[in-house]
Amino acid sequence: MSRNLICSLESDDRVGIVIPTLGTREEFLIESIKSVREAGNSYIQLVHPSPETVSPLVSQAVDSILLDMGDGLAAAINRGIRMLPKEIEFVSWLGDDDRLAKGSLNLAASVLRNSDASCVFGRCCYINSDGEVIYVSPSGQWASWLQLVGPQLVPQPGSLFRRQAFSAVGGLKQRFRWAFDLDLFLSLRKVGSGLIFVAATLADFRWHATSLSVSGRKGSVKEASEIRRTHLPRPIQPISYLWEPVLRFVILHSAKAVGLKERRISRRAGVYSG
């Protein structure tokens, strides 16, 4: 299916999207905001450490700007979602350099509206700084259970949550710096009918050296290992140490492979600066 979805399902739902940002990548941020508007009927809440410094170009493109209290990314997202208008039922967040596919919010909202699922997710493209596709992440309904004992193949970009379910599991755990989305997905598996996969590419994740997910890869892998163990049934938790070291090695190796491909593509295009 095309990355730019042609969605025949019209959605009357106003989805709430939180975009946390430090305000250092305005070109990417504007691109992200535009993609959210093209993805469906949405309310965009920007979370920024200095709202008074936000450019008119950005402030006029979003619905509201919330002060980032400096308590970390998970805290900023939690506060952003909590402060969305009360009538909004479906929520998510988007990195300030990532993009949603056209029609993706309409599609995801329609699935949530017609089911008791707690979350909808799809496939995700990895792109470089210039917007060129590096890799399309494999995913499917099987990724919902695989994340408990294997790599995380439920992409956060493009996912959409039922707001009530997000609140029921306590939102994002603020003690995690990188892998709080994995903890959220594993918690949401236990709410309603859990996570539902749609066979479409819903978003683009921008892979570059300065992104938090890339620069903090080792820390993210370590956190994810801890999260997986805590979500396993108690009798299995002690023996998870048998496979977790191997799994961490495989995940780090896979990330390095994506990074190498990104550098090759960027060098050919003359945009690589790492």
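Mind listing just one residue for me: the one in the stretch 36-60 that is of a type in the set (Gly, Ala, Ser) and surrounded by fewer than 17 Cβ atoms within 10 Å (Cβ to Cβ) and, of those, nearest to ALA101 (Cα to Cα)? First the steps, then the outcome.
If we filter the stretch 36-60 for residues that are of a type in the set (Gly, Ala, Ser), which is where we start, we get 39-40, 42, 50, 55, 59.
Narrowing the set further to residues that are surrounded by fewer than 17 Cβ atoms within 10 Å (Cβ to Cβ) leaves 50, 55, 59.
Working: SER50: 29, SER55: 25, SER59: 22 Å.
That would be SER59.
Can you tell me which of SER118, SER104, SER144 is farther than 23 Å from LEU232 by Cβ, in contact (Cβ under 8 Å) with a residue 12 or more places away in the chain, buried (at least 17 other Cβ atoms within 10 Å of the Cβ) and not β-branched (Val, Ile, Thr)? Break it down stepwise before answering.
Working: SER118 fails: farther than 23 Å from LEU232 by Cβ; SER144 fails: farther than 23 Å from LEU232 by Cβ.
Being farther than 23 Å from LEU232 by Cβ, in contact (Cβ under 8 Å) with a residue 12 or more places away in the chain, buried (at least 17 other Cβ atoms within 10 Å of the Cβ) and not β-branched (Val, Ile, Thr) holds for just one of SER118, SER104, SER144, which is SER104.
Only one of these conditions is not met by SER167: (1) small (Gly, Ala, Ser); (2) farther than 22 Å from ASP98 by Cβ; (3) in contact with a helix residue (DSSP H, G or I) (Cβ under 7 Å, 6 or more places away or on another chain). Which number is it?
(3)
Any residue in the stretch 71-89 that is polar (S, T, N, Q) sitting within a Cβ distance under 6 Å of a residue that is surrounded by fewer than 23 Cβ atoms within 10 Å (Cβ to Cβ) and not in a helix (DSSP H, G or I)? List the pairs, counting only those 6 or more apart or interchain.
Every condition considered, the pairs that remain are ASN78/GLY171; ASN78/LEU172.
Could you go through the stretch 81-97 and let me know if any residue there is among the basic types (Lys, Arg) and under 17 Å from the mean Cα position of the chain (by Cα). Outline the logic, then answer.
As a first pass, look at the stretch 81-97 and keep what is among the basic types (Lys, Arg): 82, 86.
Retained after the next criterion (residues that are under 17 Å from the mean Cα position of the chain (by Cα)): none.
The answer is no; no qualifying residue exists.
For every residue, the table says whether it meets (1) under 19 Å from ILE17 (Cα atoms); (2) of a type in the set (A, V, I, L, M, F, W, C); (3) touching a residue at least 40 places away in the same chain (Cβ under 8 Å).
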site: PRO157; (1), (2), (3): yes, no, yes
site: ARG163; (1), (2), (3): yes, no, yes
site: ARG177; (1), (2), (3): no, no, yes
site: ARG189; (1), (2), (3): no, no, yes
site: SER193; (1), (2), (3): no, no, yes
site: LEU202; (1), (2), (3): yes, yes, yes
site: PRO233; (1), (2), (3): no, no, no
site: ILE239; (1), (2), (3): no, yes, no
site: GLU244; (1), (2), (3): no, no, no
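Quick note: the coordinates plus some simple rules give every number you see, no bench work behind them. Keep in mind that this is a model prediction, so the values were computed, not measured. A quick note on method: Cβ atoms are made from the backbone with ideal geometry, for glycine too, and the neighbour counts reach across all protein chains shown.
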